Every structure is written in structure tokens, then in C-alpha cells.
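Colleague: Quick one: the structure is below, and I'll ask about it shortly.
Values in this text are rule-based calculations from the coordinates and carry no lab data. The structure presented is a predicted model; accordingly, all values stated were derived computationally and were not measured. So basically every Cβ, Gly included, is an ideal-geometry build from the backbone, and we count neighbours across all protein chains shown.
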Amino acid sequence: MDSDSESYQKTGGKSSKDILEPAVLFLSGQSILVEATNSTPLYQINSDIRSISNKDSSVAFERVEHDVSKIENDGVAAGTRNRNLFYLAHPVNARYRTDIPARYYITSAVSEMIGNIRLEISEARLQKTSFKAILSANRTASDNPLFPDGTKQVLLFDIQPNWKVGRNCYKWSDSNGRQVAVEAKEGDRYKLSVTINMSPELRDALVATWMLRLWHDTAESKQAKREYFESMASPEAYKESMEPYMPRQCMMM
């Protein structure tokens, strides 16, 4: 058995027998594709996580599946369908709330997926941010709680900045400390180089967690925070925030 599959199954996941080879993926708009090919997207998200103006609190992460029964003359699959795998979540005002499991997390849309994943964020000195993807295996969006306490939560990915390579570079490792991917930004292109063979289930989770990490960078950027505080300082925002506390007669004036 491949050592990657063994590592994944130790978390409680059920890996398929299929193994995917290393690949370089990149984000283009709301699609994730393989570099140096003209293929259709491998994955899609239904919202632009790199947009500062994005106000969504949940984003669907979908796999683009090919219908092998429909083949064009040049051998390219003509039929595709999108299958929803995960929901990426960043609830409104998450940093100020105690009723949610994490500021950034992922829930499985279907039971066949790996489980629910929350992103632990650590701010180190020199503003180097590191992340840990913590898995609650075999959980879905319909489970309550999404992330139960105890030993069922295990490390899935350890994501550490590599400033020796570049400011926007990260090394992704598994629970055994083995590198599984390298993340980098080249110009305006965001790339994830998957460096080992892995099961489709694990790559699905890897790419979804990558999207969640990129969403974190957008939502926590200086520009996003500045726009948020400017909007909260407007008279309209102040009035809306105070309405639940205003006496009824005052609101009618």
C-alpha cells in the first residue's frame, strides 16, 4: 500500500484504490486547472475568493467530472458535470463569535468525502502566518457538532511559510512531516504543486484546503480590513447595528 494512503487511513478516512500522480495546479478565476494543458477545469468554486468585495460566508467547492461515454473525434471528453464536494466557510464577523467552530473551516457536502476540516491559524513573529488543517474524519455538513472534541480530530496538513523561496510560498506536509505539496505565487498566478502520489479523496481535501487558505489571505488583508472598518463607520452601518437596541418609539421617529 502507498505510504500516503496509509497516512490518510490512519485518520479514519476510507481511501479508494485509485492513485493520482503529482501535478501542478493553478487557480484561474473560479476554476482550478492543471498547468501546461488546455483541459477543462478539475475543480470549480462558485464565488471569487480572491475578490475583496466578496461578502459570501460560504463557498461551494466542486469537482468537474467527465462523462467518458461522450467522446469527441479528437478524443476529448465532451460531457462534464460538476459534483459538489465541500463547503468552504468563513462566517460573518467570525473573529468576534463564539458560536462557530472556527473562523475558517470546511464541511463535507457528501458522506463519501474525507470529513470536516478546520483551519488553525498561528501568527508568528515577522508576520509569518502558519496553518494547520485539522480533520474530523467521516463528518459532514449535517453533523452536529461539526467538530467533536477528543481524539477524533487529527492533523491532516501542516502548512508552513517558506520565505527562503518567496513571500507567498508555503510547504504543505502530512501528519508524518512528509512534504505533499508546495504552494507559490508567480506574478498573478496562484499555484499548488502536488509532489507525491495521492488518493483522489486526499487531493480533493488538499485543493479545497488550499482554496480556504487563499480565502483567508484575501479576507485578512489590510485592504479588506480597511474597507470593513470604513463601512462600519458609515452612518447607515451604525444605524443598522443599533436597531436591535433602540426603543420602538425611537425607531418610528
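Colleague: How do His90, His216, His66 line up, fewest other C-beta atoms within 10 Å first?
Modeller: Going from least to most buried by this count: His66, His216, His90.
Colleague: I would also like to ask the following. Please name whichever of Ser31, Ser122, Asn176 sits farthest to the positive end of the charge dipole of the stretch 3-220, dipole taken about the Cα centre and charges placed at Cβ: Lys and Arg +1, Asp and Glu -1.
Modeller: Working it through, the farthest residue towards the positive pole turns out to be Ser122.
Colleague: Send over the per residue convex hull volume for the stretch 3-220, Cα only, as a whole number of Å³.
Modeller: In the stretch 3-220, the Cα hull volume divided by residue count equals 139 Å³.
Colleague: Return a whole-number percent for the relative contact order of the stretch 3-220, with Cα pairs under 8 Å and 6 or more residues apart as the contact set.
Modeller: 21 percent
Colleague: Run the quick spin-label model on Val154 and Thr40: label points 7 Å from Cα toward the beta carbon, then report their separation in nm to one decimal.
Modeller: 3.5 nm
Colleague: Rank the residues Glu123, Glu35 as a footprinting-exposure proxy: fewest other Cβ atoms within 10 Å of their Cβ go first.
Modeller: Glu123, Glu35
Colleague: Turning to a different aspect of this structure: Could you give the length gained on full extension between Ser130 and Asn197, defined as 0.36 nm per residue of separation minus the Cα-Cα distance, in nm?
Modeller: Using 0.36 nm per residue and subtracting the Cα-Cα distance, I get 21.7 nm.
Colleague: Here's a follow-up. With r as the distance between the Cβ atoms of Ser122 and Thr218 and R0 = 22 Å, compute the FRET efficiency 1/(1 + (r/R0)^6) and round to 0.05.
Modeller: 0.70
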